[in-house]
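A short write-up of the structure that comes next.
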Amino acid sequence: MDLSELIAPLAPEQFLGEYWGRKPVHIPAPAGANRQAVIGWARLNALLGVRTHWGAEHIKLLLNSAPVSPDFYMDPVPGRGGVRQLANPAKVEMFLAMGASLVADAVEEVAPEIRRLTDALARQFAARAEANLYCSFQGIQAFASHCDLHEVFAIHCVGEKRWRIYANRAENPIAPLKGDDAQARIDAAKGPVLMDVTLRPGDVLYIPRGYFHDALASSAESLHLTIGITPHSSTLLFELLEEMAIREPLFRTYLADAREGGGAALAGQLAALGERLAELARSRAMLEAVAVRQRRLAAPGRTLALPERPLLDFYARTDRAGTVAWLETGAVLRAGGGEHALGPVADAAEYVLDRPAVSAQEVRARFAHHPADEVDALLALLLRLGLVQPYRPAL
């Protein structure tokens, strides 16, 4: 499944133009859709049997909208890596019998069929994509009204669940509200109900970041899968600016004394630093740095095809000089008396040039966040410039 299948019959162009990041939409299952078959009770039970995955970071129980302390359903389990706290299935079952709701996080890490969907959405949106399963029972609300810090696709799998989405929206939130009065502040801010929909198997509900919402199972039992999509926010700029600025002597100088001359010297220095930061933010180097971070965030998983194994294509480093230079105008390869633009694959170029030998498959695997054709084009450039040469290692 990819985006087009997930939101059918809504066209991707319409979804991206009218809804993505803007407003919620309920997409009922079209006739013949297989979305309801994404996951069911038998598959959930099998996944919960992969016990080593279900530490406190991946499984949560909620009773009467309050989290159950992991101490009540976790056991110390010895293993080769030491003792880990893992969910005890019998204890989890006991709380579910009491009416607790189950949240199973990072399902894509143990379910390849879900990983294929999260990989597709990660590539689509240059984002991190994670999958959580929610198991709840009639009349029990797991979470009070809240907003998420990411985009949400809720795929309903079993039973029915009523969702209410409220009219008001937190503006680009990046951290949850905290404090004893956080819930009261949310309830006061969420506004009137904007959408009141009941999801049935195969239905999809998209909720943009910041929209306040809550949900309640309206059938005896309910199961749905949520895909959370988290692109980089603009706060990434501060991290990248620090990395770039620290390389320049201008940003390593002492700040002028604010007491001297009424702070005029400091004001002038801060203005100069601000102007330089603005130049760096507008630079080609910043564009490439953001592109690399987005690619890493959306790097796909890999499915093996054993017993098939690839034939490795080896390249040996020659004695010709070649270096990667990280310029404000973008990363370049300096070799043969010239400069060659590298773009986002500069990190892969630096890796290859720093090693006596590599295989094409190693470079593709280590830099899986880059498209394979860009890695292959890089190797072809290094080969053409005589910086590497093919070789067959002795077996």
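The values are calculated or read from the model by the stated rules, or taken from the named source; none is laboratory data. This structure is a prediction, so every number in the text was calculated from the model and none was measured. Positions of Cβ are backbone-derived with ideal geometry, glycine not excepted, and every protein chain shown enters the neighbour counts. Each accessible area value is taken on the protein alone, full model and side chains, heavy atoms only, with ligands, DNA and RNA left out. Shrake-Rupley method; radii C 1.70, N 1.55, O 1.52, S 1.80 Å.
Structure above, values below:
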item: Accessible area per residue in Å² at 1.4 Å probe, computed on the chain; result: 53 Å²
item: Efficiency of FRET from Cβ geometry, Ala31 and Gln138, R₀ 35 Å, rounded to 0.05; result: 0.80
item: Whole-number percent relative contact order across segment 233-309, with pairs defined as alpha carbons under 8 Å at least 6 apart; result: 31 percent
item: Low-density loop positions, GluC sites (Glu not before Pro), segment 287-338 - DSSP coil, at most 11 other Cβ in 10 Å; result: Glu308
item: Share of carbon and sulfur in the accessible heavy-atom surface of segment 279-376 [1.4 Å probe, %]; result: 52 percent
item: Simple Cβ-charge dipole of the chain, Lys/Arg +1 and Asp/Glu -1, about Cα centre, in debye nearest 20; result: 500 debye
item: Residue pairs, from the table Lys23/Lys161; Lys23/Lys178; Lys91/Lys178, whose Cα atoms sit over 22 Å apart; result: Lys23/Lys178; Lys91/Lys178
item: Which of Val50, Ser101, Ala245, positive extreme of dipole for the chain (C-beta unit charges); result: Val50
item: Estimated inter-spin distance, Arg80 and Arg51, nm [label 7 Å along Cα→Cβ]; result: 1.7 nm
item: Separation of the Thr235 and Glu350 label points, Cα + 7 Å toward Cβ, nm; result: 2.5 nm
item: Portion, in percent, of the accessible area of segment 152-216 that falls on carbon or sulfur, probe 1.4 Å; result: 50 percent
item: Order by protection proxy (mean Cβ within 10 Å, highest first), peptides 97-104, 299-306; result: 97-104, 299-306
item: Within the accessible area of segment 79-139 (1.4 Å probe), percent carbon and sulfur; result: 50 percent
item: Interchain or long-range residues, amide H under 5 Å from Ile59's placed H; result: Asp105
item: Table column - 3J(HN,Hα) (Hz), segment 86-96, Karplus curve with 6.51, -1.76, 1.60, x for Gly and Pro; result: 10, 5, 8, x, 5, 6, 4, 4, 5, 5, 4
item: Residue-wise HN-Hα coupling along segment 357-365, computed from phi with Karplus coefficients 6.51, -1.76, 1.60 (Hz; x: Gly, Pro); result: 7, 8, 10, 4, 5, 5, 5, 4, 6
item: Structure-derived semi-axes √(5λ) of the Cα gyration tensor in Å - corresponding label in (1) 32, 26, 21; (2) 44, 31, 22; (3) 29, 25, 20; result: (2)
item: Neighbourhood charge, 11 Å Cβ-Cβ cut-off, centred on Gln85 and excluding it, Lys, Arg +1 and Asp, Glu -1; result: -2
item: Top of Arg115, Arg282, Arg164 by mean-square fluctuation, Gaussian network on the chain, Cα under 10 Å; result: Arg282
item: Helix-only CD estimate at 222 nm, as mean residue ellipticity for the chain, using -39500 (n - 2.57) per DSSP H run (n ≥ 4); result: -8500 deg cm²/dmol
item: Ranked by how many other beta carbons lie within 10 Å on average, peptides 383-392, 356-365 from highest; result: 356-365, 383-392
